[in-house]
Amino acid sequence: MAELSESVEQEGRRSRARPRVSRWLLSLGLILSMFGGLHAYIATRLFVSPAWPAPWGVLGCVAVALLFLSLPAGLVWARGEATRLSRVLQWTSFIWLGSFGVLLSAVLMADVVGAVLGAAGVVPEGLPLARGKAVAVLAVALPAVVYAFFTARGRATVERVTVPVEGLGEGLRGLKVVQISDVHVGPTLDGRWLRRVVEQVNALKPDIVAVTGDLVDGDVGTLRDEVRPLAELRGSLGVFYVTGNHEYYHGGPAWEAEVSRLGLTVLRNAHQVVERDGARLVVAGITDHDAGHIVPAHASRPDVALAGAPPEVPRVLLAHQPRSALRVAESGVRVDLQLSGHTHGGQVFPFMFFIKLQQPVVRGLATVAGVRVYTHRGTGYWGPPLRLGPSPEIAELTLVPAG
């Protein structure tokens, strides 16, 4: 009887799993179909419509097809054991994913400009215009991708911002908070790169170091050695860390434990009070805005983070996503400055124009629902090793008394 009951239960689990697998496969098929169609559009506009002499048109179409196939191939190989071939496929797929966006934007723009010029009779439609557009797209897009690659892989720009804070004591005048965010150690960013970031941070001689999430793209077992340089971060009043959404894709609680083991103070809906020359500051932190959907016990709670904090002391809140300011306002707690990231400043043109659909601010200092928020544009990058527009950042925020 027990065996029959267990068999029925197992069959029930398999039955419930089938619809989820079917939905996942359907979603994957739709995404690949969409990307395939857009790749066909690019190949047509660059290599078919201009009717390049043989073999250039055929070679161009074959190259686009192979690059399209690199996208799913890179994802599949990324999940297996790391080999030289898997790394080549990962790099190819990541670079092409970003290049594809740049190229698609350039092709669309060329078609719009070409249609306007054709309609105005400035340039007649036909083979010369088609070839001219193709050459113009490649002449703009290819150098842009090269520039974006070296920008993403280069040294982060130090952004220096002075922030007046109500009630800040004279003992904390000039307090230096150095923030890094969206580091994304993973397939293409390793420990050597992270050590360079740590050296840049320490050279600024910070009082407080704030690490505001999306530290990794991988699990602890894979990346433990790569994140070890974090242990070298130095802040005279402390080094603080909060989770981002990407930690929860790879084991949020495990990453909290690992970061704590490296010596950083993990603020999971918690706060600490730091003091210098008799003046005090509350440094609080909350888990990622969406953490509770993955680990219910890690739900983001600004009210819990600031419970018991001295009411007369200024408060700085570390929160990965800028939209957490809306939750802060809803909770009714006071926050004088929120430090966030998540947006990457858009990372690759033209995606910065779409971020406002999800986040209230893209970059820099702004006020959201009455809360001042500094949105960091990211120290690393996610996915494509490209930054076209916003360069990588280390923020140096100097706090001074307001008034």
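Readers should treat all values here as calculations from the given coordinates under stated rules, not as data from a laboratory. This is a predicted model, so every value here is computed, not measured. Every residue, glycine as well, gets a Cβ built from its backbone with ideal geometry; the counts of neighbours run over all protein chains shown.
In a fully extended conformation the segment linking Gln200 and Glu166 would gain 9.3 nm over its present Cα-Cα distance, using 0.36 nm per residue. Sorted fewest first by neighbouring Cβ atoms within 10 angstrom, Ile294, Ile180, Ile394 come out as Ile294, Ile394, Ile180.
Fewest neighbouring Cβ atoms within 10 Å first, the residues Thr83, Thr222 line up as Thr83, Thr222.
Based on DSSP H segments of at least four residues, each scored -39500 (n - 2.57), the chain has a per-residue ellipticity at 222 nm of -14500 deg cm²/dmol. Of all DSSP bridge pairs formed entirely within the chain, close to 35 percent run antiparallel. Charges were assigned to the Cβ only: +1 to each Lys and Arg, -1 to each Asp and Glu. The resulting dipole of the chain about its Cα centre is roughly 740 debye. Computed extension length for Asp303-Tyr249: 16.9 nm, one decimal, from 0.36 nm per residue of separation with the Cα-Cα distance subtracted.
Annotation: extensible slack from Ala51 through Phe150 equals 32.3 nm (criterion: 0.36 nm per residue apart, minus Cα-Cα distance).
Sorted fewest first by neighbouring Cβ atoms within 10 angstrom, Tyr381, Tyr248 come out as Tyr248, Tyr381.
Modelled label positions at Thr398 and Val112, each set 7 Å beyond Cα in the direction of Cβ, lie 4.1 nm from each other. Across the stretch 156-401, counting alpha-carbon atoms alone, Rg and Dmax equal 16.4, 48 Å. Apply the a/c threshold of 1.5 to the C-alpha gyration tensor of the stretch 154-282 and tell me whether it is rounded, prolate or oblate. The shape class here is prolate. Working from label points 7 Å from Cα in the Cα-to-Cβ sense, the Ile31 to Leu142 distance is 3.0 nm. The calculated FRET efficiency for Arg372 paired with Leu85, based on their beta-carbon distance and R0 = 56 Å, is about 0.70.
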